[in-house]
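Here is the structure we will look at.
The values are calculated or read from the model by the stated rules, or taken from the named source; none is laboratory data. Quick caveat, the model's predicted, so the values are computed rather than measured. Cβ atoms come from the backbone with ideal geometry, glycine included; neighbour counts cover every protein chain shown. When the accessible area is computed, the model is the full protein with side chains, heavy atoms only, and any ligands, DNA or RNA have been set aside. Shrake-Rupley method; radii C 1.70, N 1.55, O 1.52, S 1.80 Å.
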Amino acid sequence: NTFHWEIRRGVTVVEFWAGWNRGNEILFLHELDNCRVFRHVIRRDRTLLDEYNVTAVPTIIVFKNGYEEFRFAPNIMLKVTATKDQVQSAIDDFIDSDTGRVKTDYFFQNYAKSEIIRSFMTFINKVR
């Protein structure tokens, strides 16, 4: 699926959107820094609504390496009240201010290293 391919790495902000709610369109998304931004038009593919439990539009979801981290859902008037600064703050939580890169979870980083070491040791034992 193209959607999953697009959100798999880094920080991605997705707006789940419907043309009938054009009056509540989120206009600041393309002004966000340190992320990719996509608009998912629900009329084209409704399967993602169930997968991500989107019950109203517009809904903004911030993904990090393919996993949902933050969600900004609309109010009863189907308007997202989150500001550009609030969404940017959610994004910035995942960016290392020194390098400008996506932070790696310490647990994941150590887990990946241990898997590499385990695979290497298995290989060495087979070669012997």
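Taking each residue of the range 29-41 that is touching a residue at least 12 places away in the same chain (Cβ under 8 Å) and looking for partners that are part of a strand (DSSP E or B) and open to solvent by 30 Å² or more (accessible area, probe 1.4 Å) with beta-carbon atoms closer than 7 Å, six or more apart or interchain, yields Leu29/Val37.
So, in the range 1-28, of the ones that are part of a loop (DSSP other than H, G, I, E, B) and either without any contact (Cβ under 8 Å) to a residue 40 or more places away in the chain or out of contact with any Pro (no Cβ under 6 Å at 6 or more places or on another chain) (or both), which residue ends up nearest to Val102 (Cα to Cα)?
Gly10
Here Val62 does not qualify as open to solvent by less than 40 Å² (accessible area, probe 1.4 Å), modelled with pLDDT of 85 or more and in contact with a Pro (Cβ under 7 Å, 6 or more places away or on another chain).
Going by what's in this entry, would Phe107 be described as open to solvent by 100 Å² or more (accessible area, probe 1.4 Å) and at pLDDT below 95? Considered against the rule, which asks whether it is open to solvent by 100 Å² or more (accessible area, probe 1.4 Å) and at pLDDT below 95, Phe107 comes out as yes. Within the range 71-94, residues that are open to solvent by 60 Å² or more (accessible area, probe 1.4 Å) sit with their Cβ atoms under 9 Å from residues that are assigned to a helix (DSSP H, G or I), at 6+ positions apart or across chains, in these pairs: Met77/Asn24; Lys79/Asn21; Lys79/Gly23; Lys79/Asn24; Lys84/Leu29; Lys84/Glu31.
Using the structure shown, decide if Leu49 is of a type outside the set (Lys, Arg), open to solvent by 90 Å² or more (accessible area, probe 1.4 Å) and closer than 24 Å to Met77 by Cα. Judged against the criteria, Leu49 is not a match. Residues in the range 37-84 that are touching a helix residue (DSSP H, G or I) at 6+ places or on another chain (Cβ under 7 Å) and within 15 Å of His4 (Cβ to Cβ): Phe38, His40, Leu48, Phe63, Gly66. All conditions in (1) modelled with pLDDT under 95; (2) under 17 Å from the mean Cα position of the chain (by Cα); (3) open to solvent by 80 Å² or more (accessible area, probe 1.4 Å) hold for Glu31, with the sole exception of (1).
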